[in-house]
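Enquirer: One structure, as structure tokens, below. Some questions next.
The values are calculated or read from the model by the stated rules, or taken from the named source; none is laboratory data. Please read these numbers as outputs of a predicted model, since none were measured by experiment. Ideal geometry is used to build each Cβ from the backbone, glycine not excepted, and the neighbour counts take in all protein chains shown.
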Amino acid sequence: MSDNAPPPPANTFSPAAPATEALANATGILPYQALKELIRAREVYAAQEIEPDQIQPASIDLRLGAVAYRVPASFLPGTQATVMERLEQLGSHEIDIGKGALLEKNCVYIVPLLERLKLSNRLWAFANPKSSTGRLDIFTRLITDRGTEFDRVERGYDGPLYAEIAPRTFSIVVRTGSRLTQLRIRRGQPAFAAGALRRLHEENRLVEGAPGEAAAMREDSIGVTIDLHGTGPGSLVGYRAKKNAEVIDIDKLAAHDPTNYWDPIYYRPGHPVILNPDDFYILVTRESVSVPPDHAAEMIPYDTSVGEFRVHYAGFFDPGFGWDAGGSATGSRAVLEVRSHDVPFVLEHGQVVGWLRYEKMTQKTDRLYGPAIGSSYQRQGLALPKQFHDGSFQEGGGQ
């Protein structure tokens, strides 16, 4: 994938058409209909057809290409080099993943993606892992040629995209077309005016706790707290990943037995949950979260003001998360991917563990998150990644 690549092929949404009305003049994250127009205009294109289900309410799923490069360490290319040039300097090892290949935990890989960009100067982009990627503790970041930041694509970028993949807990099988990362595209730098988030919360109950319980609020974000009591003593409140578990095939859904990969955590009065720095946890918020159709939300993953731990790897919530088909906010709890940093840390039920930052879309999306488009985590409670089947852990195991 050189900078002198041939002209982009036609894709699912050809012929090309100008991106007009859906972009309007607003700043914000581009919605589904605007992303479709960018694909028609070939500001986003691919070596293989871009499939309709890659386009989400506020993002585009990115697909792995045919090879992976195992590298000795993570890197950024810097302003004077392409990713391929840096791979040659580092002495990487090439792996054919076309029909499936193993990426081992605690190793770092660089994978060229099928999608490429030819952005205009009015647009820039950023990336985040898909929800299931985060819940599998797969550390994934986007890299561009001559890039100086992970997960950020500068205005006017013209070139290939690469995924850095570092499985932390489980070794995984991936192949050409596997989807670990999503790309969001912004116009301008949207920001909330003072008081706007509070008004939006009052209108939509963005974060809803127990009756009469007020949400913790900052000027630009809303706090969420941890649920470690569930429905009472003996109830299931979380999962801790097992060490040296079997391999997970990313593309096989509901195919893995969770008891081979996870230990359940039950509420036992008088026994706190202590995060071990070497372990990975799946936990859940006490509050339900809602994201209006004209907004998206981001979980701030690491905030030392609440503790030395990371609470979210995927981090983003699509427009319509926690909404029903009739357009009303019903709420859905946020699942947290948790890893402590450096030292053991005691979690207490009800303590603030993270902050949600809301951001405007350029306009209301035509495609809301939910079952109608195959979204996996609407109306969720405590939920493992979609690669696992249900029903193996029973309530009452902690009494």
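Enquirer: Among (1) farther than 27 Å from Glu164 by Cβ; (2) surrounded by 20 or more Cβ atoms within 10 Å (Cβ to Cβ); (3) of a type in the set (A, V, I, L, M, F, W, C), where does Ala214 come up short?
Expert: (2)
Enquirer: Same structure, new question: Which one is surrounded by the fewest Cβ atoms within 10 Å (Cβ to Cβ), of the residues in segment 15-65 that are assigned to a strand (DSSP E or B) and either touching a helix residue (DSSP H, G or I) at 6+ places or on another chain (Cβ under 6 Å) or modelled with pLDDT under 90 (or both)?
Expert: My answer is Asp61.
Enquirer: I'd like to verify a number: residues in segment 237-267 that are modelled with pLDDT under 95 and basic (Lys, Arg), how many?
Expert: Going through segment 237-267 one residue at a time, the tally reaches 1.
Enquirer: To continue, here is another question. Within segment 181-190, identify whether any single residue is surrounded by 20 or more Cβ atoms within 10 Å (Cβ to Cβ) and either among the hydroxyl-bearing types (Ser, Thr, Tyr) or closer than 30 Å to Asn244 by Cα (or both), and answer yes or no.
Expert: Yes - at least one qualifying residue is present in segment 181-190.
Enquirer: Having 3 or more residues that are modelled with pLDDT of 90 or more and farther than 22 Å from Leu228 by Cβ is the bar; report the strands (runs of 3 or more DSSP E) wholly within segment 273-343 that clear it.
Expert: Strands (runs of 3 or more DSSP E) meeting the threshold: 295-300.
Enquirer: OK, next. Just to be sure before I move on: is Ala127 over 28 Å from Lys242 (Cα atoms) and in the same structural domain as Ala297 (by TED's automatic domain parsing) in the structure I sent?
Expert: no
Enquirer: Turning to a different aspect of this structure: Filtering segment 219-236 down to residues that are assigned to a loop (DSSP other than H, G, I, E, B) and within 23 Å of the chain's Cα centre (by Cα), which residue is modelled with the lowest pLDDT?
Expert: At the first step, the residues of segment 219-236 found to be assigned to a loop (DSSP other than H, G, I, E, B) are 219-221, 227-235.
Those left that are additionally within 23 Å of the chain's Cα centre (by Cα): 220-221, 227.
Values: Asp220: 81, Ser221: 89, Asp227: 95.
This residue is Asp220.
Enquirer: Ok, one more. Against the definition (in the same structural domain as Val338 (by TED's automatic domain parsing), on the phi > 0 side of the Ramachandran plot and of a type outside the set (Phe, Trp, Tyr)), how does Ala296 come out, yes or no?
Expert: No, not satisfied.
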